[in-house]
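The values are calculated or read from the model by the stated rules, or taken from the named source; none is laboratory data. Worth saying up front: this structure is predicted, and the values here are computed from it rather than measured. Glycine gets a Cβ as well: all are built from the backbone with ideal geometry, and neighbour counts include every protein chain shown. Quick note on the areas: whole protein, heavy atoms, side chains included, nothing else; ligands and nucleic acids left out. Shrake-Rupley method; radii C 1.70, N 1.55, O 1.52, S 1.80 Å.
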Amino acid sequence: MDNWLKICLLVVFAVATTGNEEATPAKLLFSKQILNKYLVEGMDIVIKYSLFNVGGTAALDVQVADNTFGPQDFEVVGGQLKVTIDRIAPGSNATHVVVIRPSKFGYFNFTAAEVTYLPSENAAEALVGLSSEPGQGAIVPFKEYDRKFSPHLLDWLSFAVMSMPSLVLPFALWFSSKSKYEAVLTQKKDK
């Protein structure tokens, strides 16, 4: 009986001490993805920012900023490159999408975006983190992209017009001789 009492006291003590632990502060995982397969001059590029809180408390005053896309090279079509999210609960995520349009072609280095947040409600100092880095990407000229992927309707129409004489002339000669032969055959049958 004495052993049972010791075991019960040990279990009660273990439960009491584990309940007093503070929750771990918020920790954000941050990724930056370019969702387009082809990056083309003058066409929209979709960029997705994903934040996931793996900590035990909510991340507060989350600020995402991306300084990769300068106004001389890119035009923001939809969304914002600087966003503030009030809070991200523990175990949850937040996403933000930006649509940009490149104004010129060439190689561009898509660097990491920056996130700053308060890891808990009583935190005095904000934490700073960087996203994953997509790396260098080539923006293709629109003419080259159009040459590869357009339906080329005008090209096919001109091909059809140019190939008509080589198809129509033999058909006309065959049809003419066939008509004459059938006319001779019907005259012989009538006699």
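Restricting to region 104-122, give me the number of residues that are open to solvent by less than 60 Å² (accessible area, probe 1.4 Å) and assigned to a strand (DSSP E or B).
Count: 7.
If residue 163 satisfies every condition in (1) open to solvent by 90 Å² or more (accessible area, probe 1.4 Å); (2) outside the structural domain of residue 72 (by the TED database) but one, which is the exception?
For residue 163, the exception is condition (1).
So which of 63, 72 ends up being closer than 23 Å to residue 130 by Cα and either open to solvent by 30 Å² or more (accessible area, probe 1.4 Å) or at pLDDT below 90 (or both)?
63
Out of the residues in region 26-39 that are buried (at least 17 other Cβ atoms within 10 Å of the Cβ) and assigned to a loop (DSSP other than H, G, I, E, B), state the one that is farthest from the chain's Cα centre (by Cα).
The qualifying residue farthest from the chain's Cα centre (by Cα) is 26.
List the pairs whose first member sits in region 136-157 and is farther than 30 Å from residue 109 by Cα, whose second member is of a type in the set (Gly, Ala, Ser), and whose Cβ atoms are under 7 Å apart, counting only residues at least 6 apart or on separate chains?
Pairs that qualify, where the first residue is farther than 30 Å from residue 109 by Cα and the partner is of a type in the set (Gly, Ala, Ser): there are none.
What number of residues within region 83-102 are surrounded by 14 or more Cβ atoms within 10 Å (Cβ to Cβ) and of a type in the set (Gly, Ala, Ser)?
Total satisfying the criteria: 1.
Go through region 125-156 residue by residue and tally those that are more than 19 Å from residue 43 (Cβ to Cβ), of a type in the set (Ser, Thr, Tyr) and modelled with pLDDT under 85.
Residues that pass the stated criteria total 0.
For region 40-77, name all the residues that are closer than 30 Å to residue 147 by Cα, touching a strand residue (DSSP E or B) at 6+ places or on another chain (Cβ under 8 Å) and outside any strand (DSSP E or B).
41, 42, 43, 44, 68, 69, 73
Among (1) among the charged types (D, E, K, R); (2) closer than 28 Å to residue 148 by Cβ; (3) assigned to a loop (DSSP other than H, G, I, E, B), which single condition is residue 101 missing?
(3) is the only condition that residue 101 fails.
Hey, can you tell me all the residues within region 135-152 that are closer than 13 Å to residue 34 by Cα and surrounded by 13 or more Cβ atoms within 10 Å (Cβ to Cβ)?
Passing the criteria: 137, 139.
Of the conditions (1) open to solvent by less than 30 Å² (accessible area, probe 1.4 Å); (2) polar (S, T, N, Q); (3) assigned to a loop (DSSP other than H, G, I, E, B), residue 132 fails just one. Which one is it?
Among (1) open to solvent by less than 30 Å² (accessible area, probe 1.4 Å); (2) polar (S, T, N, Q); (3) assigned to a loop (DSSP other than H, G, I, E, B), residue 132 violates only (1).
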